[in-house]
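Just so it is clear, none of the values below were taken in a lab; they were calculated from the coordinates. Bear in mind that the values here come from a model prediction, so they are computed numbers and not experimental data. FYI the Cβ positions are ideal-geometry reconstructions off the backbone, even for glycines, and counts take in every protein chain you see.
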Amino acid sequence: MNEQQLLREPNIEPTSEAIAEALGTTNSTYIKFIEKLKSHDIEVDWRYYKDGKAWLGKALHKWTTIRGTQKEMTAFWLSIWDGFFKVSIYIPEKARADALKLSLDDEVKEVIGNSKQMGKLKFFPLVFDVHSDKVFDDIYTLIDFRKTIK
C-alpha cells in the first residue's frame, strides 16, 4: 500500500471540503473523531509547516489555572493521508510506565513498550493510522492521559 500524505500545498487551506476529498470514505470517521474531541476539551489548529511541507493539525488542550493564567499544551498532532488520517501522540519517556498501566488494547501496549525515544527529545511517539473508529477508545484514553502530564 502506497501511503501518501496529502494537504501539501501551502496556499490551499485544509477546509472540511479539502479534507473530505482527501479522506474519501474515511471522512465520516474523521468527522466523528473531531466532534468527540470537543468533549475532551481539545481543539485542532491547522497550520502549514515548511519543514514537513504539509498542513498539520495541532490538537490543543487549553485551560485556565487557579490564578487565572491561560495555559495550553499539545495533546497530539493530526495529519491527512490518502484515505485515512494519522494521530501522533508524543508521550514523555518518564510517563511510559504509567502509560502501560492504562486500559488499552494489548497491541497498543506492545507499541508503547517497544517505541523508541526520539533522539535527544525525552518523548516517544505513538502513531495511529485511523481508517475506522475501532481505535478511538485507545486514542481518547491516551489523549486524556497526555493531558494529565505537565
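Some notes on this structure:
- Result for the chain in a Gaussian network model with C-alpha springs under 10 Å: among L102, L60, L23, the largest mean-square fluctuation is at L102.
- Zone residues, the stretch 26-64, relative to F136, backbone N less than 16 Å from point 7 Å out along Cα-to-Cβ: 26-42
- For the stretch 1-106, the Kirkwood hydrodynamic radius from C-alpha pairs, put into Stokes-Einstein at 4 °C and a viscosity of 1.567 mPa s, yields a diffusion coefficient of 83 µm² per second.
- The slack between D144 and D45, meaning 0.36 nm per residue of separation minus the straight C-alpha distance, is 33.8 nm.
- Each of V44, V87, V127 was scored by other Cβ atoms within 10 Å of its Cβ. Arranged with the fewest first, they read V127, V44, V87.
- Think of each Lys and Arg Cβ as +1 and each Asp and Glu Cβ as -1; about the Cα centre, that makes the dipole of the stretch 27-150 roughly 720 debye.
- For the stretch 56-131, trypsin sites (Lys or Arg not before Pro) meeting the loop criterion (DSSP other than H, G, I, E, B) and having at most 15 other Cβ atoms within 10 Å: R67, K101, K116, K120, K122.
- For the residue pairs K53/K134; K58/K147; K36/K62; K62/K94; K94/K147, alpha carbon separations beyond 24 Å are given by K53/K134.
- The helix-only estimate of mean residue ellipticity at 222 nm for the chain, built from DSSP H runs of length n ≥ 4 each weighted as -39500 (n - 2.57), is -8500 deg cm²/dmol after division by the residue total.
- Remark: the stretch 120-128, residue by residue, has Karplus-estimated 3J(HN,Hα) of 7, 5, 8, 9, 10, x, 10, 10, 10 Hz, where x stands for each Gly or Pro and the curve is 6.51 cos²θ - 1.76 cosθ + 1.60 at θ = phi - 60°.
- The chain: most fluctuating residue of D138, D129, D51 per GNM, C-alpha cutoff 10 Å: D51
- Our summary gives the chain a relative contact order of 22 percent, counting only alpha carbon pairs under 8 angstrom and 6 or more residues apart.
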